[in-house]
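Data first, discussion second: the structure below is written as structure tokens.
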Amino acid sequence: MNKGAGRLAVYPGSFDPLTNGHVDIILRGARLFDQIVVAILENVEKESFFSVKERLEHAKEVFREEENVEVDTFGGLLVDYAHRRRASVIVRGLRAISDFEYEMQMALMNRRLSSDIETVFMMPAEPYTYVSSRLVKEIFSLGGSVSGLVPPSVYERLQQSSARQGG
Ligand code: PNS
């Protein structure tokens, strides 16, 4: 797959918001693969903090200087998207044992759907092993500091969003 252009990996997720844990995994992936595509799920049903368009902008801004990191959105099945992009690898981050069950289920289901795509798990740097988008949103909405947990530009957008909402 994608032999002419080198090995392409897809890093899928909701990224609502993008955290420093995601950034850590993406940069590790960028060192390991010729190109890594950060693929933001367009999930119309899921209630989100930032719109898909905003999340796309945030990630583009964070990785604007990384030549082999691309940011995109996708709908439908992940394996279909990976095929369309001619990617041979799906990258996922594993933080703790608690991630394992869900991740294993997804990896094996994706393998069942498409045996030519391999899921590769990577561990983030230790300070990010307990960072999640869900906790960032919760802490932020309750007035706690999320500084250092998200990239500075995302932090700024969070502040702006709370100013917009009068928070
Ligand atoms: O960061 P998240 O929210 O845990 O990411 C989940 C994601 C986007 C990787 C997963 O929901 C997904 O791949 N959705 C696309 C639909 C699909 O392919 N579902 C079958 C997965 S086995």
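The values are calculated or read from the model by the stated rules, or taken from the named source; none is laboratory data. Just so it is clear, the structure is predicted and the values come from calculations on it, not from any experiment. Glycine also receives a Cβ, built like all others from the backbone with ideal geometry; neighbour counts cover every protein chain displayed. Keep in mind that these areas ignore ligands, DNA and RNA; they rest on the heavy atoms of the full protein, side chains included. Shrake-Rupley method; radii C 1.70, N 1.55, O 1.52, S 1.80 Å.
Structural remarks
- Check on residue 49, closer than 22 Å to residue 24 by Cα, in contact (Cβ under 8 Å) with a residue 60 or more places away in the chain and either open to solvent by 40 Å² or more (accessible area, probe 1.4 Å) or over 13 Å from the mean Cα position of the chain (by Cα) (or both): yes
- Across the stretch 122-167, the number of residues qualifying as among the acidic types (Asp, Glu) and more than 17 Å from residue 21 (Cβ to Cβ) comes to 1.
- The residues in the stretch 69-99 that are more than 13 Å from the ligand (Cβ to nearest atom) and without any contact (Cβ under 8 Å) to a residue 40 or more places away in the chain can be counted, and the count is 4.
- For the stretch 12-54, a residue qualifies if it is of a type in the set (Ser, Thr, Tyr) and more than 11 Å from the ligand (Cβ to nearest atom), and exactly one does: 51.
- Taking residues in the stretch 133-146 that are closer than 13 Å to residue 158 by Cβ, and partners anywhere that are among the hydroxyl-bearing types (Ser, Thr, Tyr) and part of a helix (DSSP H, G or I), the pairs with Cβ atoms closer than 8 Å and at least 6 places apart or on different chains are 140/162; 146/155.
- Among helices (runs of 4 or more DSSP H) entirely within the stretch 1-95, having at least 1 residues that are farther than 24 Å from residue 153 by Cβ and in contact with a helix residue (DSSP H, G or I) (Cβ under 7 Å, 6 or more places away or on another chain) singles out 78-84.
- Tally of residues being of a type in the set (A, V, I, L, M, F, W, C) and over 21 Å from residue 60 (Cβ atoms) across the stretch 132-167: 5
- For the stretch 100-121, filtered to residues that are out of contact with any helix residue (DSSP H, G or I) (no Cβ under 9 Å at 6 or more places or on another chain) and polar (S, T, N, Q), the residue that is nearest to the ligand (Cβ to nearest atom) is 105.
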